[in-house]
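A quick write-up on the structure given underneath.
The values are calculated or read from the model by the stated rules, or taken from the named source; none is laboratory data. Everything quoted here is computed from the prediction, not taken from an experiment. Heads up, the Cβs are rebuilt from the backbone with ideal geometry, glycines too, and the neighbour counts pull from every protein chain shown. SASA here: full protein model, heavy atoms, side chains in, ligands and nucleic acids out. Shrake-Rupley method; radii C 1.70, N 1.55, O 1.52, S 1.80 Å.
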Amino acid sequence: MTDMAWSDDLLGRKVRAEFLLNYLDQDVCRVLNLDSPWGAGKTYFLRNWRLQLHENSRPVVYFNAWENDFLGDPLLSLVSVIRDQLSMQVGTQVLVGEKIKEFTKRAGELAVAIAPSIMKAAAKKYLGDDFLDVLDGEATAETAEKFVEKILGKNKEALNAVKQFQDSLTELFKTVSSKSDGKPVYIFIDELDRCRPTYAIELLERVKHFFAIEGCRFVIATDTEQLAHSICAVYGSGFASKRYLKRFFDSTFKLDNTHLDNWIITHIKQEVCPPFNNYKVFERYNGRSSFGFGDQVEPNSTTMFSDKLNSHQMVFKALVMAFNYQVRDLEVILKRIQTLNAYFGDGAWDFFFCSYLLFLVHSDVEFVSSCGSYYEDSVFWEEISSRYPASITLFTGTANVSVHDLARTFFKALSLESRQLRDMANGGGLDSAVALDVMSKANMYVKYADVARLSAQLT
């Protein structure tokens with residue numbers, strides 16, 4: 001991400017952030033659930049929105065829940081982040097410093113008041129050994145009454161601690177927001193759905209009961225579907241987890257991420273795409289009668305062209321469509337492509353063939369033999385075409401070819417002996433271009449398949 005908010009935004013995220021900012025500033029919602037599947041850009045959205053607020057001198061706090069879920073109770077972790085980040089944003093003015101000091105003190109008192117304890121041990125501390133009779137059902141009325149009084153007394157202490165904490169928090173937010181025309185403090189909580197279920201539940205409870213006050217807006221990013229499954233792991237499969245989650249949020253905003261072309265432009269960069277060698281995928285057709293090939297053909301009705309995507313991005317889009325991947329599932333492929341670039345070095349791998357293998361092995365396709373054996377395996381290709389039909393074709397100048405047919409041409413080349421491969425290279429058309437590529441680095445193509453198989457073992 002650059003130093004300017006939304007500088008690389010191709011998915012219309014800025015418009016959504018401005019809409020939500022206006023909505024939340026009206027104080028019609030204090031806790032917003034930003035709902036989107038894993039890998040769909042919630043972190044990107046929050047970090048750019050945070051930067052936008054910074055640029056406009058708006059107070060904002062970013063809390064990564066997953067990075068803190070090993071610390072036990074989330075209260076003090078959240079308090080620490082609020083204290084540290086607000087201190088840095090508003091400087092060290094005496095008044096702000098005093099408010100932060102008071103807030104920190106009250107947070108400590110609250111943590112002590114609500115600290116979980118084993119009931120028997122706590123009661124024994126206040127009542128002595130007489131409490132053991134309570135557990136055995138042999139307590140006197142006087143002992144039971146004494147026990148209740150002690151518990152009620154602790155409850156009053158806890159309620160008082162909550163009120164003092166909220167009062168100090170309100171004063172802190174008022175002081176901080178006075179530097180931005182009284183606009184509320186925004187607190188972004190990210191990666192909640194990656195946390196331990198118990199930690200996620202405790203964090204939501206803390207926000208609901210202690211932090212949802214005037215002058216503060218929470219935006220909590222979740223994959224709500226996944227979080228609901230996690231909660232069921234705690235309370236049982238029959239638990240109404242989605243309804244339970246709604247009690248923590250005033251509103252939910254679905255972060256749409258269906259713009260495939262824009263996602264591809266954003267993520268499939270030239271620096272991780274080695275150039276095509278002896279064949280090229282054309283981005284558009286301008287009516288030329290010759291493409292420099294002896295066997296040029298015309299595009300057909302299934303051919304894909306684009307004014308926005310370059311050749312590598314079109315190849316990637318064709319693979320996404322053929323293997324029916326959703327945008328949220330593409331992060332794993334993107335990471336593997338970046339790994340290939342680092343593993344083989346710039347320009348030392350074939351973008352189409354390696355990407356095809358990655359989609360293949362990450363789509364639960366059985367792929368265990370040597371590459372060459374697949375060319376003659378008609379059952380394998382029938383299964384691929386049936387499970388992942390490719391309805392569009394790429395234009396290479398000498399062919400309109402689907403991703404499966406182009407891949408099978410590579411498998412064909414890899415199945416041939418040296419003399420047969422030379423004959424294929426001299427035969428013209430797309431077969432010739434692919435054969436020349438395979439001849440130039442035959443050993444590498446075998447390694448491509450090995451690396452693709454290994455990448456499928458990464459989760």
| Considering only residues of region 33-46 that are among the hydrophobic types (A, V, I, L, M, F, W, C) and buried (at least 20 other Cβ atoms within 10 Å of the Cβ), which is modelled with the lowest pLDDT? | Ala40
| Residue ID - farthest from Asp35 (Cα to Cα), chosen from residues in region 195-227 that are open to solvent by 70 Å² or more (accessible area, probe 1.4 Å), out of contact with any Asp or Glu (no Cβ under 8 Å at 6 or more places or on another chain) and in contact (Cβ under 8 Å) with a residue 60 or more places away in the chain | Lys208
| field | Flag for Ser391 being more than 20 Å from Phe316 (Cα to Cα) and touching a residue at least 24 places away in the same chain (Cβ under 8 Å) | value | no
| Can we say Ser57 is touching a strand residue (DSSP E or B) at 6+ places or on another chain (Cβ under 8 Å), among the small types (Gly, Ala, Ser) and either without any contact (Cβ under 8 Å) to a residue 24 or more places away in the chain or surrounded by fewer than 22 Cβ atoms within 10 Å (Cβ to Cβ) (or both)? | no
| said: It is to be established whether one or more residues within region 339-350 are over 20 Å from Asp450 (Cα atoms), without any contact (Cβ under 8 Å) to a residue 12 or more places away in the chain and open to solvent by 70 Å² or more (accessible area, probe 1.4 Å). | reply: no
| Under the condition of being in a helix (DSSP H, G or I) and of a type in the set (S, T, N, Q), which residue from region 401-459 is nearest to the chain's Cα centre (by Cα)? | Ser455
| message | Against the condition buried (at least 21 other Cβ atoms within 10 Å of the Cβ) and at pLDDT below 95, how does Gly397 come out, does it pass? | response | yes
| task | May I ask you to list the residues in region 42-78 that are aliphatic (A, V, I, L, M) and more than 22 Å from Gly12 (Cα to Cα)? | result | Val61, Ala65, Leu71, Leu75, Leu76, Leu78
| said: Anything in region 228-257 that is touching a Pro at 6+ places or on another chain (Cβ under 7 Å) and buried (at least 18 other Cβ atoms within 10 Å of the Cβ)? List them, or say none. | reply: Ser230, Ile231
| Hey, among Ser373, Ser385, which residue is touching a His at 6+ places or on another chain (Cβ under 7 Å) and surrounded by fewer than 19 Cβ atoms within 10 Å (Cβ to Cβ)? | Ser385
| request: Please find, within region 315-333, the residue that is modelled with the lowest pLDDT out of those that are open to solvent by 10 Å² or more (accessible area, probe 1.4 Å) and farther than 18 Å from Leu255 by Cβ. | output: Val332
| message | Regarding region 352-366, can at least one residue be identified that is of a type in the set (Ser, Thr, Tyr) and not in a loop (DSSP other than H, G, I, E, B)? | response | yes
| message | Val79 - would you say it is touching a Gly at 6+ places or on another chain (Cβ under 9 Å), of a type outside the set (Gly, Ala, Ser) and not in a strand (DSSP E or B)? | response | yes
